[in-house]
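All remarks here apply to the structure that follows.
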Amino acid sequence: MHSMKRTNVVQPPVHELHCLVDVVDELLDSLVELEQRVQQASDHYDTRPWQAENFARDLPGKRELSLVATVSGKPVGFLIASRRPDGAHIHRVATDPRHQGLGIATRLLALLLARVPGIITLICDACNQPALALYARVGFRVTGTTPEGKLSLATGTVFRR
């Protein structure tokens with residue numbers, strides 16, 4: 001008879017997705033704390049983390065388009081977007097460093113892409129290779145460079161060579 005060694009398989013936590021409009025009031029402080037953790041852990045995130053007023057600022061469609069991923073009621077990722085006449089613009093995508101690699105940002109982006117017709121744009125640091133790889137996987141392409149040297153990316157556009 002063969003003896004099999006049992007190993008404990010750790011299952012990743014279940015992430016719940018919410019529209020920002022449904023959770024911003026109760027999770028505002030936690031979103032600011034998450035933003036600070038992400039900024040501190042990254043060499044390529046903005047130099048100034050968002051504060052409560054940035055999350056609460058009213059932009060067209062922002063509260064409905066923006067998404068928050070939670071585990072046990074605590075935010076572990078978010079995507080902040082606003083509506084544009086031809087689609088939407090993503091202002092922020094962030095995942096808690098302790099939850100990176102679990103597909104949270106991919107799920108957030110996929111949900112936004114499925115919900116918004118037209119062109120979706122974002123700006124990314126040219127040195128942030130993990131983010132650029134993620135954006136390329138879900139369909140974003142580089143469309144130009146900002147005056148600050150960051151890359152402009154978009155979906156749904158015609159690219160010229």
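Brief remarks follow.
- Sole exception among (1) more than 13 Å from the chain's Cα centre (by Cα); (2) small (G, A, S); (3) at positive phi; (4) open to solvent by 20 Å² or more (accessible area, probe 1.4 Å) for G101, by number: (1)
- Subset of region 41-89 (residues that are open to solvent by 70 Å² or more (accessible area, probe 1.4 Å) and closer than 15 Å to L109 by Cα): E64, R83
- Evaluating Q129 against the criteria (1) within 18 Å of H44 (Cβ to Cβ); (2) surrounded by 13 or more Cβ atoms within 10 Å (Cβ to Cβ); (3) more than 14 Å from the chain's Cα centre (by Cα) leaves one unmet condition, (2).
- Flag for V38 being within 18 Å of L109 (Cα to Cα), in contact (Cβ under 8 Å) with a residue 60 or more places away in the chain and under 14 Å from the mean Cα position of the chain (by Cα): no
- Taking residues in region 80-99 that are over 12 Å from L31 (Cα atoms) and touching a residue at least 12 places away in the same chain (Cβ under 8 Å), and partners anywhere that are of a type in the set (D, E, K, R) and assigned to a strand (DSSP E or B), the pairs with Cβ atoms closer than 9 Å and at least 6 places apart or on different chains are A81/R92; H89/R83.
- The set of residues from region 29-51 being among the β-branched types (V, I, T) and at pLDDT 95 or above comprises just one member, V32.
- Flag if D125 is touching a Lys or Arg at 6+ places or on another chain (Cβ under 6 Å) and either under 18 Å from H15 (Cα atoms) or of a type in the set (D, E) (or both): yes
- Put simply, of G149, G87 the only residue that is over 24 Å from V21 (Cα atoms) and out of contact with any helix residue (DSSP H, G or I) (no Cβ under 9 Å at 6 or more places or on another chain) is G149.
- Of T121, T106, T95, T155, all but one fail to be among the polar types (S, T, N, Q) and surrounded by fewer than 16 Cβ atoms within 10 Å (Cβ to Cβ); the exception is T106.
- Some residue of region 13-32 being touching a Lys or Arg at 6+ places or on another chain (Cβ under 6 Å), assigned to a strand (DSSP E or B) and not hydrophobic (A, V, I, L, M, F, W, C): no
The values are calculated or read from the model by the stated rules, or taken from the named source; none is laboratory data. Here the structure is a predicted model, which is why all the values come from computation and not from measurement. Every residue, glycine as well, gets a Cβ built from its backbone with ideal geometry; the counts of neighbours run over all protein chains shown. The protein model used for the area step is the full one, side chains on, heavy atoms only, and it has no ligands, DNA or RNA in it. Shrake-Rupley method; radii C 1.70, N 1.55, O 1.52, S 1.80 Å.
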